[in-house]
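The values are calculated or read from the model by the stated rules, or taken from the named source; none is laboratory data. Since the model is a prediction, treat every value here as computed from it, not as a measurement. Positions of Cβ are backbone-derived with ideal geometry, glycine not excepted, and every protein chain shown enters the neighbour counts. For the accessible areas, the whole protein counts, side chains as well, though only heavy atoms, and no ligand, DNA or RNA atoms are used. Shrake-Rupley method; radii C 1.70, N 1.55, O 1.52, S 1.80 Å.
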Amino acid sequence: MEIQKRCKYCGGTFIAHKMTTIYCSPSCNNKDYKQKIREKQIADYQAQHPIPKPATPKSPLNDKQFLTPREAAKVLGVGKSTVYRELASGLIKAIQLKGITLCSKKYIIVHKALYPIG
């Protein structure tokens with residue numbers, strides 16, 4: 001009786017002589033065994049030596065290119081009314097789209113460096 005099977009390690013097809021055969025050759029069996037041992041050793045090492053988490057959590061504002069006045073206030077460390085006052089005076093450039101005011105992040109960072117408000 002010939003049974004077509006797929007090797008668990010290399011993925012090649014082979015003819016199995018038993019229903020329980022899962023590898024095409026002893027070398028695939030040996031390689032898969034060594035890989036499992038390696039993965040277990042890595043998992044044990046990672047359990048014993050956990051990676052410390054960074055002290056400062058990643059801010060979602062880092063990924064944005066445009067900021068709302070409220071987000072700009074957080075970046076600058078001031079109140080949102082101060083940001084609106086800076087917008088009205090023209091120190092911070094912004095655009096309005098469908099009633100939403102957006103400030104370019106690069107202008108906010110430059111403004112923070114040139115004109116420290118707080």
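Looking at K93, K53, K74, which one is within 24 Å of the chain's Cα centre (by Cα), basic (K, R) and within 26 Å of A113 (Cα to Cα)?
Numbers: K93 fails: within 24 Å of the chain's Cα centre (by Cα); K53 fails: within 26 Å of A113 (Cα to Cα).
Sole residue among the options that is within 24 Å of the chain's Cα centre (by Cα), basic (K, R) and within 26 Å of A113 (Cα to Cα): K74.
Taking the residues in the stretch 1-28 that are out of contact with any Lys or Arg (no Cβ under 9 Å at 6 or more places or on another chain) and not in a loop (DSSP other than H, G, I, E, B) as candidates, determine which candidate is most open to solvent (accessible area, probe 1.4 Å).
Within the stretch 1-28, the match that is most open to solvent (accessible area, probe 1.4 Å) is R6.
Yes/no per residue for (1) part of a strand (DSSP E or B); (2) not β-branched (V, I, T):
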residue: A72; (1), (2): no, yes
residue: V75; (1), (2): no, no
residue: S81; (1), (2): no, yes
residue: Y84; (1), (2): no, yes
residue: Q96; (1), (2): yes, yes
residue: K106; (1), (2): no, yes
